[in-house]
Amino acid sequence: MESIALTPTWKVLQQHKLDLSRVHLRDLFLNDPKRYDRFSLEHDGFLLDFSKNRITQATLLLLLQLAETAEVKLRSFEMFSGDKINITEKRAVLHSALRHVNHAPIFLDHHNLMLDIQQVWQQMRQISEKIRHQKWLGFSGKPINTIVNLGIGGSDLGPKMVTYALEHLAPENLHCHFVSNVDGTAIARTLKQCNPETTLFMISSKSFSTIETLSNALAAKAWLLAHTDEKSVAKHFLAITAKSEKARAWGIAAENILPLWDWVGGRYSLWSAIGLPVAIMCGMEVFQELLAGAHAMDEHFKTTELTKNLPVMLALMGVWNHNFLHMPSNAILPYCEALKYFPDHLQQVDMESNGKSVDILGREIVDYQTGPIIWGSTGTNGQHSFHQLLHQGTAKVWCDFILPIKPIDDFGDHHALLTANCFAQSQALMQGKSLAETYEELLSQGVEHDAAAILAEHKMSSGNKSSNTLLFPKLTPYYLGGLIALYEHKIFTQGVIWQVNSFDQWGVELGKVLANQLLPAVKGQSVEGLDASTAGLVKAVLR
Ligand code: F6P
């Protein structure tokens, strides 16, 4: 396999980028009234407008050719078929099986995974209904009304994002908290809001060895035991893990352990029993709808030709902006308060998947960029914060605007205002405002010539800034599932093009190892061989 950057298509794209360097998006729109029709796609309620990217028809054809060269279709077939594409961990990547709501068998090593998955759905249904119907009683006989998810990374971000997004579907007498950080303030502030008699803790950890989660679990257990005795632990703790023996050794009752498997990556585990907070808060039907939406997107990604494929198109726009137009940063901007945690979730899925500098053959990647920096927050809040940099800063960023067409809560003009602001931002980024236009405007407002000339420099906006806009009918569980899966497949497609293993995360391991090594030093035991900076910091803390 030759490096993607050595392929003829990559080289033609590099030249093509130079040819386009003087072209402004404003002119591309002026010269082509059909640009939106040409560069937008619709599928099952989703609409992706990618016309505000600095592309022409030729760019698109070349990018599609790049996807062909990288064999995106073949690689996706391998993923869906259970090939062990996570080669460094020798694992299949089958989170799509978790949302196989049509129940058709999926075999891995001659075993039908759907049998295990259906069993877990059953277990999730029983647990969630027991809690929702106030039949899960705490040590004093009162029904559980508060759940606390103890997990971090993929065992926190996904369920937290979805639970928040669908909060309007949860009953008012059920409460849910997420504790991830090992900073004691996280668990302390949460426990202050809980009653030990009515709180159920869920230890969500695929490995059941993540130090943050286990520390928080111990703190929660100590808090509970200050109010009751050891045998009550079974009523107040459950675990979701691939290591059931460790959970049992910790003290979790066997019937309170929900399994997860090595073919589910942590950052893709929302679809497994790790999604239990969603089922408890919103009901198992809602969770199944979420899965159905994701499954529909899987089918679209799997079966639709590249030219009409939403995740592929979003991925190609990213590759173009990042690798050829040299923008290192992608802002995710949901114009939807309920999607507040969506950028955080995507940040892990994208950056942990494609933040790699070695290719699938173990060669160092030196001549092209892989995963971009993913960040963002909800609109319109960002407009009064970092959007200034998007419009007039020197950093190069492309934006994904995400907007449900109908609101969850309809208050007067709120949704019209939200929509107008969303579209205005991408329009302003695309068009900008020229120096001449700004200058003329200032003159017409009565500003003196000299002052207008100076002020115009500050007020003008270059425009020509790339963005995608993604619309869908409403933030229902179905569309939320589809939205998350759309981005998952975008990330997969980019990983294939960049020739990386998107499913391991060795980089985060070093920090974990060093933290364990440093713990004795921070606790005051002398540790040899520390670098001067770390030793200085440790001494300062001990002082
Ligand atoms: O820190 C990396 C990571 O392994 C993530 O990939 C994962 O989501 C998170 O830690 C939590 O892991 P676990 O579910 O095993 O506690």
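Among the listed pairs K11/K73; K243/K302; K73/K512, a Cα-Cα separation exceeding 30 Å is found for K243/K302; K73/K512. Can you check what the net charge comes to around L346, using other residues whose Cβ is under 11 Å from the Cβ of L346 (Lys, Arg +1; Asp, Glu -1)? Computed value for this residue: -3. Per residue, region 1-151 exposes 50 Å² of accessible surface when a 1.4 Å probe is rolled over the protein heavy atoms with every protein chain present. Per residue, region 210-293 exposes 34 Å² of accessible surface when a 1.4 Å probe is rolled over the protein heavy atoms with every protein chain present. Backbone phi angles across region 174-190, fed through the Karplus curve with coefficients 6.51, -1.76 and 1.60 (θ = phi - 60°), yield HN-Hα couplings of 10, 10, 9, 10, 10, 10, 10, 5, 6, 4, x, 4, 4, 6, 4, 5, 6 Hz in residue order; Gly and Pro are listed as x. H415 sits among other residues whose Cβ lies under 14 Å from its own Cβ, and their net charge, with Lys and Arg +1 and Asp and Glu -1, is -2.
How much of the DSSP bridge set in the chain is antiparallel, in percent, rounded to the nearest 5?
Beta bridges within the chain, antiparallel portion: roughly 30 percent.
Partners of K34 within straight-line reach, counting aspartates and glutamates whose Cα lies under 15 Å from its Cα and excluding those fewer than 8 residues away in the same chain: D49.
Throw me the Rg/Rh for the chain, computed over C-alpha atoms with Kirkwood Rh, two decimals.
Details: Rg = 25.4 Å, Rh = 25.4 Å.
That ratio equals 1.00.
A cut-off of 5 Å between modelled amide H atoms, ignoring neighbours fewer than 5 places along the same chain, links I147 with H175, C176, H177, L200.
For region 1-102, GluC sites (Glu not before Pro) meeting the loop criterion (DSSP other than H, G, I, E, B) and having at most 11 other Cβ atoms within 10 Å: E2.
To put it simply, the accessible area of region 210-342 at a 1.4 Å probe is 56 percent carbon and sulfur.
Summarise the accessible area of region 61-198 (1.4 Å probe, protein heavy atoms) by the percent that is carbon and sulfur.
Details: 3330 of 6540 Å².
Here carbon and sulfur together make up 51 percent of the probe-accessible area.
With Cα atoms as the point set, region 1-151 shows a radius of gyration and Dmax of 24.8, 74 Å.
Here, region 378-468 has an Rg and a Dmax of 15.9, 50 Å when only alpha carbons are counted. Where does helix 284-303 land angle-wise versus the long Cα axis of the chain, in degrees 0 to 90, nearest 10? The helix 284-303 is inclined about 40 degrees to the chain.
Which whole-number percent gives the relative contact order of the chain, counting Cα pairs below 8 Å spaced six or more residues apart? Walk me through the intermediate numbers first.
On the way: 873 pairs, mean separation 103.7, N = 543.
Rounded, it is 19 percent for the chain.
Protein heavy-atom surface of region 392-543, 1.4 angstrom probe: 60% of the accessible area is carbon and sulfur, with nucleic acids and ligands not counted. Surface exposure of region 328-475, expressed per residue as accessible area with a 1.4 Å probe, stands at 48 Å². Positive-end ranking of H133, S204, L214 along the dipole of region 123-243, with charges on Cβ about the Cα centre, is headed by H133. Amide H to amide H distances under 5 Å link N468 with C399, D400, F401, where only residues 5 or more positions off or on other chains count and H is placed in the peptide plane. For region 39-53, 3J(HN,Hα) computed residue by residue from phi via the Karplus equation (6.51, -1.76, 1.60; θ = phi - 60°) reads 10, 9, 9, 10, 7, 6, x, 7, 10, 10, 9, 10, 6, 8, 9 Hz, glycine and proline entered as x. Pairs exceeding a 32 Å alpha-carbon distance, out of K246/K539; K206/K340; K235/K406: K246/K539; K235/K406.
The values are calculated or read from the model by the stated rules, or taken from the named source; none is laboratory data. Keep in mind it's a predicted model, so treat the numbers as computed, not measured. Neighbour counts run over all protein chains shown; Cβ positions are idealised from the backbone, glycine included. Heavy atoms of the whole protein, side chains included, go into the accessibility calculation; ligands, DNA and RNA do not. Shrake-Rupley method; radii C 1.70, N 1.55, O 1.52, S 1.80 Å.
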